[in-house]
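The values are calculated or read from the model by the stated rules, or taken from the named source; none is laboratory data. Not measured: the values here are computed from a predicted model. Note that each Cβ is placed from the backbone with ideal geometry, even for glycine, and that neighbours are counted across all protein chains shown. For the accessible areas, the whole protein counts, side chains as well, though only heavy atoms, and no ligand, DNA or RNA atoms are used. Shrake-Rupley method; radii C 1.70, N 1.55, O 1.52, S 1.80 Å.
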Amino acid sequence: MHAWLCTTLDGVESLTWQALPTPEPQAGEVRIAIRAASLNFPDLLTVQGKYQVKPPLPFAPGSEFAGTVEAVGEGVAHLKPGMPVAAIGSHGGFATHAVVAAGSVIPLPPGFALTDGAAFAFTYGTSHHALIDRAQLQPGETVLVLGAGGGVGTAALQIAKAAGAKVIAAASSADKCARLAELGADATVNYGGEGLAALRDQLKALTGGKGPDVIYDPVGGELAEPAFRSIAWRGRYLVVGFAGGQIPALPWNLALLKGASVVGVFWGDFVRREPRASQQALQQLAGWYAEGKLKPVIDQTLPMSELKTAYARMGSRQVLGKLVLVNL
Ligand SMILES: NC(=O)c1ccc[n+]([C@@H]2O[C@H](COP(=O)([O-])OP(=O)(O)OC[C@H]3O[C@@H](n4cnc5c(N)ncnc54)[C@H](OP(=O)(O)O)[C@@H]3O)[C@@H](O)[C@H]2O)c1
């Protein structure tokens, strides 16, 4: 097998494509021949040792991938060689093969493309848990999605629409906003440059003065406070991530004045602590995929050899949706 190996925590430039012995799955494990892997934001941080999960060196990065089961270890009954599957973990996906715990493998239903399977559970699982479970989003409500052009943002846009909500998609450029309108956003807001100062007025105008019922925030930083100040009475502000780099602080009186909730979202722990609920969510998502209500927005599909280009594009906010790397 081959893998992009991280031998130091000096970032993407130090990754090297190396030949390794193909590992045999032990009890409770499976070996997957990887067809496609997608980049998620934590992959940017893991290779710099800045993510909360720190795999021991050396490791291959890549937290989400899809392919076919090649071999199964003792005691694995529900997965068989040849089955199409997706897998989520902290690392291992930017390679030709990976051995993973059978419990982290998600069988893909018939008709689920492997490139979509490699770009699905992480982002759609997070956004479903956030909007449907944590925010209890209701049909007819208005959702503001910040960072709407990103991986979790595009998933949030589609899930909110599938749930019957109105979506205001917010992003940092006119180009991204135009793409988000094509993807079905009811309205868009450009918060780039001068746009930040006008954010509150725009949200007021778009909601008839009421403000968004739910705000989905994977960006944080300077966007958070003006967004929270715009939230509707009884609004729910979803704390999803801090792609902007800064963890914002909020004056607590704002929550009091709006009767609003600040709601934390941690999909990884939700999967670990509430596996049955997480499985039900994934089933609903797979159903919506089969009905055509959801489709991963794949900005580009690149050969696995182009991993460093993919990292550079994601790190510089050039991606709309997801980047997928494939083994040719
Ligand atoms: N809580 C959870 O369970 C959970 C699960 C998955 C992901 N997350 C978090 O959610 C965040 C987004 O993840 P993702 O995979 O969707 O990432 P992504 O695809 O890179 O999207 C992030 C978006 O954030 C915006 N952004 C603003 N400032 C940025 C900056 N300085 N650098 C990069 N992007 C910036 C960008 O949009 P504009 O250019 O339009 O601003 C970009 O589209 C990350 O913080 C990730 O860790 C949390």
What number of residues within segment 229-247 satisfy the criterion of being within 16 Å of the ligand (Cβ to nearest atom) and hydroxyl-bearing (Ser, Thr, Tyr)?
1
Inter-residue pairs, beta-carbon under 6 Å, first within 11 Å of the ligand (Cβ to nearest atom) and in segment 146-166, second aromatic (Phe, Trp, Tyr), 6+ apart
Ala155/Tyr124; Ala156/Tyr216
Residues satisfying the stated conditions in segment 170-185, i.e. open to solvent by 70 Å² or more (accessible area, probe 1.4 Å) and either within 9 Å of the ligand (Cβ to nearest atom) or aromatic (Phe, Trp, Tyr) (or both)
none
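Can you tell me which residue among Val53, Val47 is within 16 Å of the ligand (Cβ to nearest atom), surrounded by fewer than 19 Cβ atoms within 10 Å (Cβ to Cβ) and among the β-branched types (Val, Ile, Thr)?
On the way: Val47 fails: surrounded by fewer than 19 Cβ atoms within 10 Å (Cβ to Cβ).
From the options Val53, Val47, the qualifying one is Val53.
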Leu307 vs. criteria surrounded by 22 or more Cβ atoms within 10 Å (Cβ to Cβ), under 29 Å from Ser14 (Cα atoms) and away from the ligand (no atom under 13 Å from the Cβ):
yes
Can you tell me which residue is nearest to Ala163 (Cα to Cα) among those in segment 315-328 that are touching a Lys or Arg at 6+ places or on another chain (Cβ under 9 Å) and of a type in the set (A, V, I, L, M)?
Leu320
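Results for (1) charged (D, E, K, R); (2) farther than 25 Å from Gly150 by Cα, shown as yes or no for each residue.
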| residue | (1), (2) |
| --- | --- |
| Pro58 | no, yes |
| Glu64 | yes, no |
| Thr68 | no, yes |
| Val72 | no, yes |
| Pro81 | no, yes |
| Thr96 | no, yes |
| Gly117 | no, no |
| His129 | no, no |
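I'm trying to understand the selection: among the residues of segment 207-249, which are assigned to a loop (DSSP other than H, G, I, E, B) and surrounded by fewer than 16 Cβ atoms within 10 Å (Cβ to Cβ)? Break it down into steps so the answer makes sense when it comes.
Step one: list which residues in segment 207-249 are assigned to a loop (DSSP other than H, G, I, E, B), which gives 207-213, 218-220, 230-235, 240-249.
Scanning segment 207-249 gives Gly208, Gly209, Lys210, Trp233, Arg234, Gly245, Gln246, Ile247, Ala249.
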Residue within segment 7-26 that is open to solvent by less than 20 Å² (accessible area, probe 1.4 Å), in the same structural domain as Leu320 (by TED's automatic domain parsing) and within 19 Å of the chain's Cα centre (by Cα) present:
no
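Residues checked against (1) crowded, with 23+ Cβ neighbours inside 10 Å; (2) out of contact with any Lys or Arg (no Cβ under 6 Å at 6 or more places or on another chain):
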{"position": "Gly111", "(1), (2)": "no, yes"}
{"position": "Leu114", "(1), (2)": "no, no"}
{"position": "Ala130", "(1), (2)": "yes, yes"}
{"position": "Gly140", "(1), (2)": "no, yes"}
{"position": "Thr154", "(1), (2)": "yes, yes"}
{"position": "Ala162", "(1), (2)": "no, no"}
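Among the residues of segment 287-310, count how many are part of a helix (DSSP H, G or I) and closer than 17 Å to Gly93 by Cβ.
Pass one, segment 287-310, residues part of a helix (DSSP H, G or I): 287-290, 304-310.
Then keep just the ones that are closer than 17 Å to Gly93 by Cβ; that gives 304-310.
Count: 7.
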